[in-house]
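Accompanying notes for the structure given below.
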Amino acid sequence: MARVTLTVNGVKHTKTVEDRTLLVNFLRDELGLTGTHIGCDTSQCGCCTVHVNGRAVKSCSVLAVQVNGAEIVTIEGMAKKGKLHPIQRAFSECHGLQCGFCTPGMIMATAGLLRDRPNPTEEEIIHGLEGNLCRCTGYINIVKAVKMSAKLLRGRRHG
Amino acid sequence: MYALNYVRPGSLAEAAKLLAAHPEAKLLGGGMTLVPTLKQRLAKPSHLVDITQLPELHGIRAAKGRLEIGAATKHHDVATSSMVRRAVPALAYLAGLIGDPQVRNLGTLGGSVANNDPAADYPAAVLGLAATIVTNKREIAADDYFQGLFATALEEGEIIVRVVFPVPKRAAYAKFPHPASGYAMAGVFVARTGEGMRVAVTGAGPGVFRWREAEAALAKSLRPAALEGVALDAAELNEDIHASREYRANLVRVMAKRALGKLSGRK
């Protein structure tokens, strides 16, 4: 067994879990944060994307104990005081989803992409979301949502 | 995943000791291949020895015509390193093509080179640049290191510490990725070194290999047309649902030409 301490969305949690516990199961089963989805469970789809120390990773492909001590941000940590994060707002306004299953991962991947490239081209958006699959939308509105996210976030930085 | 014990040694010596004490232990890098393998119960190690935080395995240094990269360096960090971009821009470019952003945020150089997946990108650069793999026991030349499908010269208990790349005059990489997985259907790394041209091919065969006939042809002319008609035995290449041997052979030639086209452009 491993004693794992993670700071998740700003709150410190310590749990004793089996060494083989995946980060996604730690978040969902131990902390009840079920916004992080398990899609393919084979590290293809990116639904389980969360941030570990500021970088987007697939939480189904990492052991919780591997990232012991890390700062984690999940989809639940994006909205602040009941107000949607600009990326969430953009996905809503651009209808960058249909069933919504991939959306938490898409939003966390977008946040990672825009941290590295605040003003991405369409090509960079498409490549930047290569680790995430959507089976509904055909990606058109997702790309639109990422463009709008970038615009909103730039406005926020300047404002 | 079968039950296992996770251990995080504090030093390279401790990691080696753990491997010696537990014959069924496995080294863990970023885990981008190993963790999915464990989830499918295709392996049953008693221990995972996580070496990603060992200080000996970190750092990127450039000096005296060499670029040294610690084995635990993540693909993202190689792709975005100004030092790598200056010394061997083709290597930074290659690292930025591996997997997807989430994979590049965890996967490591040492992990990729130790695993030696026949469709991985890094082996092409390591072999194409005639790099040296430095382990906790010895130094291994790339030409002796890669030994076919997932096989390397690494012995039991041997740990890759860093990879030393001689800085080439110029180098370029061209890859035809599988559209779903991103793995190379064919990837060709060409380098103009002090000792002549080197051409390393990944993705197409059972393991990374040097296309020596192409190297000989390029000794005479660096024009992409020089590769027309140069022998490449399709019988030696992989065949699967994605591509026939002949198709892969054609891809290798096309990727080699594209890499050469880049070679004559910017560094």
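The values are calculated or read from the model by the stated rules, or taken from the named source; none is laboratory data. Only a predicted model underlies this, so the values are computations on that prediction, with no experimental measurement involved. No Cβ is skipped: glycine too gets one built from the backbone with ideal geometry, and neighbour counts run over all protein chains shown. Heavy atoms of the whole protein, side chains included, go into the accessibility calculation; ligands, DNA and RNA do not. Shrake-Rupley method; radii C 1.70, N 1.55, O 1.52, S 1.80 Å.
Restricting the range A:1-87 to trypsin sites (Lys or Arg not before Pro) that sit in a DSSP loop and have at most 16 other Cβ atoms within 10 Å of their own Cβ leaves A:81.
Gyration tensor analysis over the Cα atoms of the range A:7-159 returns equivalent ellipsoid semi-axes of 26, 17, 13 Å (largest first, whole Å). Once the gyration tensor of the Cα atoms in the range B:19-88 is diagonalised, the equivalent ellipsoid follows with semi-axes of 30, 15, 8 Å, ordered largest first. Rg over Rh for the range A:86-158 works out to 0.92, using Cα positions for both radii and the Kirkwood form for Rh. With 28 Å as the limit, the listed pairs B:17/B:64; A:151/B:262; B:39/B:137; B:169/B:220; A:147/B:169 have B:17/B:64; A:151/B:262; B:39/B:137; A:147/B:169 beyond it between alpha carbons.
Across chain B, the longest run free of exposed loop sites, meaning chymotrypsin sites (Phe, Trp or Tyr not before Pro) lying outside DSSP classes H, G, I, E and B with no more than 16 other Cβ atoms within 10 Å, spans B:3-149. Distance from the C-alpha centroid of the range A:35-101 to that of the range B:65-92: 28 Å, rounded to the whole angstrom. Between the residues B:205, B:33, B:188, the greatest Cα displacement towards the positive end of the dipole of chain B, with unit charges on the Cβ of Lys, Arg, Asp and Glu, is found for B:188. Give me the angle, in degrees from 0 to 90, between the Cα long axis of helix A:103-116 and the longest principal axis of the Cα atoms of chain A, rounded to the nearest 10. That works out to roughly 80 degrees.
Both chains summed, the buried accessible area for B and A stands near 1900 Å², from protein heavy atoms and a 1.4 Å probe. Among beta bridges identified by DSSP and lying wholly in the protein assembly as shown, the antiparallel ones come to about 85 percent. Using the Stokes-Einstein relation with a Kirkwood hydrodynamic radius computed over Cα pairs, the translational diffusion coefficient of the range B:83-195 at 25 °C and a viscosity of 0.890 mPa s comes to 170 µm²/s.
The convex hull around the C-alpha trace of the range B:5-50, projected and averaged over every direction, spans 3.0 square nanometres. Overall shape of the range A:2-77 was characterised from the C-alpha gyration tensor. The equivalent ellipsoid obtained from it has semi-axes of 17, 14, 11 Å, in decreasing order. Residue-normalised convex hull volume from the C-alpha trace of the range B:55-263: 112 Å³ per residue. Its residue count N fixes a reference of 2.2 N^0.38 Å for the protein assembly as shown, and the Cα radius of gyration divided by that reference is 1.01.
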